[in-house]
Structures are given as C-alpha cells and as structure tokens.
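Novice: One structure is given below, represented as structure tokens, and several questions about it will come after.
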Amino acid sequence: MLDSLRTLIADYGYWAVALALLCENAGLPVPGETTLLLASFLAYSEHKLHLGWIIVVGTCAATIGDNIGYAIGHYGGRPLFERYQHISRVSKSTLERGERLFARYGSFTVFFARFVFGLRIFAGR
C-alpha cells in the first residue's frame, strides 16, 4: 500500500495530498495522515515537493474537507445515514449507544475521538 501511495504522490504531487486530506476530513476512510507524512518525507529525500507548500495544501484541503463533512451531516443528518446504513454496517444499537455517549459527554466525546486512531473519521460527523 505504501508503494502505491508513494507512486501517487510522486506522480500527482500536491493534488494527491490535497485529495487524500480532503476525503479523510470529509469522512471517508482514506489514509490522510500517512499521505501527509509520506509527502513530507519525499519533500526531504527527493526534493520534488516543498514542505511549505505541503503544509499550505494540507491545511486548505483539511479545512475544506471538514466543512464538506459538516455540511453532509448538517443537511443530510439522520435520514441520510439511515438511507445508506447498509454501506457503513453500523447497527442501530451501536448508533444509539453512540448517541447516548454524546448526550452524556457532549463535545468532550468529539475532542477525545479526534485523537484515537480510527475514530477520527466518525468523530465530527
């Protein structure tokens, strides 16, 4: 997988970084952090990318992706999730447990989930 990701970054450069971070922050399970680290390493070792531009592109793409994810959740909400629940394979009991957790701990739940591997994708949605 890393070799494929390296090839994508080498071929498409900043566009690959932007797309990966945009998709990850919009809620898709894409390896955004790995892409960012690999792009930074390639900037250091191969000098094809510049670290400053990686930071700018990454920040912009993550912000836009986060806003897209928020808009999907805000305007689609529960009906959209229930319509495509078969894709995510999250059971109703798991969803209800998550809602109870959020009702009890509120924004602390989102803050904590953003720093736990694998939960970041679902934390703000």
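The values are calculated or read from the model by the stated rules, or taken from the named source; none is laboratory data. Only a predicted model underlies this, so the values are computations on that prediction, with no experimental measurement involved. Cβ sites come from the backbone with ideal geometry, for glycine too, and all protein chains shown count toward neighbours. Protein only, heavy atoms only, side chains kept; ligands, DNA and RNA dropped before computing areas. Shrake-Rupley method; radii C 1.70, N 1.55, O 1.52, S 1.80 Å.
Novice: How many residues does the stretch 9-29 contain that are assigned to a helix (DSSP H, G or I) and surrounded by fewer than 17 Cβ atoms within 10 Å (Cβ to Cβ)?
Specialist: Step one: list which residues in the stretch 9-29 are assigned to a helix (DSSP H, G or I), which gives 9-12, 14-26.
Going one step further and asking which of them are surrounded by fewer than 17 Cβ atoms within 10 Å (Cβ to Cβ), we end up with 10-12, 15.
Selection size over the stretch 9-29: 4.
Novice: Taking the residues in the stretch 66-92 that are of a type outside the set (A, V, I, L, M, F, W, C) and open to solvent by less than 60 Å² (accessible area, probe 1.4 Å) as candidates, determine which candidate is farthest from Leu21 (Cα to Cα). Steps first, answer last, please.
Specialist: So in the stretch 66-92, the residues of a type outside the set (A, V, I, L, M, F, W, C) come out as 66-67, 69-70, 73-79, 82-86, 88-89, 91-92.
Add one more test, that the residue is open to solvent by less than 60 Å² (accessible area, probe 1.4 Å), and what stays is 69, 73, 76-77, 85, 88, 91.
On the way: Gly69: 12, Gly73: 18, Gly76: 22, Gly77: 22, Gln85: 24, Ser88: 20, Ser91: 28 Å.
Here the answer is Ser91.
Novice: Within the stretch 76-97, take every residue that is over 19 Å from the mean Cα position of the chain (by Cα) and of a type in the set (Gly, Ala, Ser) and give me the one that is nearest to Gly27 (Cα to Cα).
Specialist: Only one residue tops the list, namely Ser91.
Novice: From the list Glu96, Glu82, which one is part of a helix (DSSP H, G or I), among the acidic types (Asp, Glu) and at pLDDT 85 or above?
Specialist: Details: Glu82 fails: at pLDDT 85 or above.
Going through Glu96, Glu82 in turn, the sole match is Glu96.
Novice: If I go through the stretch 99-115 residue by residue, how many of them are open to solvent by less than 100 Å² (accessible area, probe 1.4 Å) and over 23 Å from Glu33 (Cβ atoms)? Steps first, please.
Specialist: Taking the stretch 99-115 as the starting set, the residues that turn out to be open to solvent by less than 100 Å² (accessible area, probe 1.4 Å) are 99, 101, 103, 106-107, 109-110, 113-114.
Filter once more, so that each one left must be over 23 Å from Glu33 (Cβ atoms): 99, 101, 103, 106.
Result for the stretch 99-115: 4.
Novice: Considering (1) at pLDDT 85 or above; (2) under 16 Å from the mean Cα position of the chain (by Cα); (3) within 30 Å of Leu2 (Cα to Cα); (4) not aromatic (Phe, Trp, Tyr), say which one Ala71 fails and leave the rest.
Specialist: (3)
Novice: In the stretch 30-43, which residues are within 27 Å of Tyr84 (Cβ to Cβ), among the aliphatic types (A, V, I, L, M) and part of a helix (DSSP H, G or I)?
Specialist: Filtering the stretch 30-43 for residues within 27 Å of Tyr84 (Cβ to Cβ) gives 30-35.
If we keep only those that are among the aliphatic types (A, V, I, L, M) too, we end up with 30.
Correct list: empty.
Novice: Continuing with the same structure: Kindly establish whether Leu49 is of a type in the set (A, V, I, L, M), over 19 Å from the mean Cα position of the chain (by Cα) and part of a loop (DSSP other than H, G, I, E, B).
Specialist: Criteria met by Leu49.
Novice: Just checking, which of Val30, Val57, Val17 is without any contact (Cβ under 8 Å) to a residue 24 or more places away in the chain and either at negative phi or in contact with a strand residue (DSSP E or B) (Cβ under 8 Å, 6 or more places away or on another chain) (or both)?
Specialist: None of the others qualify; the one that does is Val30.
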